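The values are calculated or read from the model by the stated rules, or taken from the named source; none is laboratory data. Computed from a predicted model, the values in this text were never measured in an experiment. Positions of Cβ are backbone-derived with ideal geometry, glycine not excepted, and every protein chain shown enters the neighbour counts.
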Amino acid sequence: MSGMLDDGSALIIVDMQNDFMPGGSLPVPDADKIIPIINKYIEIFMAKGLPIFASRDWHPPNHISFKQRGGVWPVHCVRNTLGAKFHPDLKLPRSAIVISKATDPNREAYSAFDRTELADRLREKNIKRVFITGVATDYCVKNTALDALENGFEVILLEDATKGLANSESAIEEMKAKGVKMMRLEQLIAVKNR
């Protein structure tokens, strides 16, 4: 059954970093409110021994996306700063595989697949299906989901555990149109118990 949790499944948590939380330099509204739900998903995947990946923006201080270099964003998630750390309430297990993206000062990268080892790491673990959560729905979550499809994975967006900046609805419609499936916690619990 589609969306089933089995050995071919992995959880991808996108960019749950301090700078994207309320009070950060590039806050996604209510981003902190999804942390308890993400933690429940983490528990479910850990209980089944399934891999958990966490992507992060890991920018150099002079990244091209920053306004002072002509980009559209304020300085955010500069590597090795407090703003780039994962939110302290996120219960990432030690076994979580961290994927750093947007590390090249001259290249923007919204997707966790963009010039990272994510696709290879998933294939090494024989993953066929990814469940995606995090921020922001209309940027890094959407791009990660669409790239996962391009890489041949079945993609399920955990829509109760994502938050966007401005255009979440249109991003979700675009993802659905391209083949991303939607799921919420109660549905996953129902499949998990089958």
Unmet criterion (only one of (1) in a loop (DSSP other than H, G, I, E, B); (2) surrounded by 14 or more Cβ atoms within 10 Å (Cβ to Cβ)) for ILE99
(1)
Kindly list, by first and then second residue, each pair from a residue in the range 175-194 that is farther than 12 Å from TYR41 by Cβ and among the β-branched types (Val, Ile, Thr) to a residue that is surrounded by 14 or more Cβ atoms within 10 Å (Cβ to Cβ) and at pLDDT 95 or above, limited to pairs with Cβ atoms under 6 Å and residues at least 6 apart or on different chains.
VAL180/ALA145; VAL180/VAL155; VAL180/LEU157
Answer with yes or no whether PHE53 is closer than 21 Å to ALA148 by Cα, aromatic (Phe, Trp, Tyr) and in a strand (DSSP E or B).
yes
With respect to ARG123, determine if the residue is more than 26 Å from MET4 (Cβ to Cβ) and of a type in the set (Lys, Arg).
no
Six or more apart or on different chains, Cβ under 8 Å: which pairs go from a residue in the range 67-84 that's more than 18 Å from ASP15 (Cα to Cα) to one that's surrounded by 10 or more Cβ atoms within 10 Å (Cβ to Cβ) and of a type in the set (Asp, Glu)? Could you list them?
GLY71/GLU108
For the range 109-132, indicate whether the set of residues that are over 22 Å from LEU92 (Cβ atoms), exposed (fewer than 14 other Cβ atoms within 10 Å of the Cβ) and touching a residue at least 40 places away in the same chain (Cβ under 8 Å) is non-empty.
yes
Without any contact (Cβ under 8 Å) to a residue 60 or more places away in the chain, under 15 Å from GLN17 (Cα atoms), touching a helix residue (DSSP H, G or I) at 6+ places or on another chain (Cβ under 9 Å) and surrounded by fewer than 23 Cβ atoms within 10 Å (Cβ to Cβ): is that true of LYS91 in this structure?
yes
Among the residues of the range 1-16, write down those that are over 15 Å from ASP160 (Cα atoms) and either within 16 Å of the chain's Cα centre (by Cα) or modelled with pLDDT under 95 (or both).
MET1, SER2, GLY3, MET4, LEU5, ASP6, ASP7, SER9, ALA10, ASP15
Of all residues in the range 17-59 being acidic (Asp, Glu) and closer than 15 Å to CYS140 by Cα, which is farthest from the chain's Cα centre (by Cα)?
ASP19
